[in-house]
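This report refers to the structure that appears directly beneath it.
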Amino acid sequence: MGFKTNVMRILDKNKIDYKSHCYENSGAVSGTEVAKALGENPDQVFKTLVTKGKSGGFFVFMIPVAEELDLKKAAAAVNEKSVEMIKQKDLLKTTGYIHGGCSPIGMKKQFKTAIHLTAEKFDTIVFSAGKIGWQVELGLNDLKAVIDINTADIIV
């Protein structure tokens, strides 16, 4: 495959094995539709959410696509008083990614990141490759080798 996203280049540079999945032209918009288009278990497909803390810092959370982020649990997971979702219009300037193509890998700046603890029960997890229509699949330990990420109970 000749096409590579920045996320794929970072994984290659770190010699991390991954699979890439394309769902372009599938009509999939939501995370659950993406999981279905890829024939993947929605519990194993994670969405990347960006929040801003009371202190002014940014935090990234990865949760299964069919789940909802619990803002109180999320704040506790990153030792913050409270967190709120950032506005969609601020996503690009904050992370370098657009809504629907946000990946925890390769953001403009590495923010403190937490993934829901269910990620530990799968051999691999699937998440955005940094471009709408593309996902990467790799093991949680491989993800931990590229970014600083911890697991926590962060869903409703």
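The values are calculated or read from the model by the stated rules, or taken from the named source; none is laboratory data. Small disclaimer: the values here were computed from a predicted structure and weren't measured. A quick note on method: Cβ atoms are made from the backbone with ideal geometry, for glycine too, and the neighbour counts reach across all protein chains shown.
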For Glu68, which of the numbered conditions (1) in contact (Cβ under 8 Å) with a residue 60 or more places away in the chain; (2) under 17 Å from Arg9 (Cα atoms) fails to hold? (2)
Quick check on Lys87: is it of a type in the set (Lys, Arg) and crowded, with 18+ Cβ neighbours inside 10 Å? no
Give the residues of region 121-145 that are out of contact with any strand residue (DSSP E or B) (no Cβ under 8 Å at 6 or more places or on another chain) and surrounded by fewer than 19 Cβ atoms within 10 Å (Cβ to Cβ), sorted by residue number. Lys121, Phe122, Asp123, Ile132, Asn141, Asp142, Lys144, Ala145
Kindly indicate the residue of region 1-20 that is assigned to a loop (DSSP other than H, G, I, E, B) and basic (Lys, Arg) and also surrounded by the most Cβ atoms within 10 Å (Cβ to Cβ) among those meeting that condition. Lys4
Inside region 57-94, the number of residues satisfying the requirement of being over 20 Å from Thr32 (Cβ atoms), in a loop (DSSP other than H, G, I, E, B) and touching a helix residue (DSSP H, G or I) at 6+ places or on another chain (Cβ under 9 Å) is 4
Name the pairs: first residue in region 83-110 and free of Cβ contacts under 8 Å to residues at least 24 places away in the same chain, second residue aliphatic (A, V, I, L, M) and outside any loop (DSSP other than H, G, I, E, B), Cβ to Cβ under 8 Å, at least 6 apart or on different chains? His99/Leu91
For region 95-138, which positions are of a type in the set (D, E, K, R) and in a loop (DSSP other than H, G, I, E, B)? Lys108, Lys109, Asp123, Lys131
Tell me whether region 21-37 contains one or more residues that are surrounded by 15 or more Cβ atoms within 10 Å (Cβ to Cβ), modelled with pLDDT of 95 or more and closer than 27 Å to Lys109 by Cβ. no
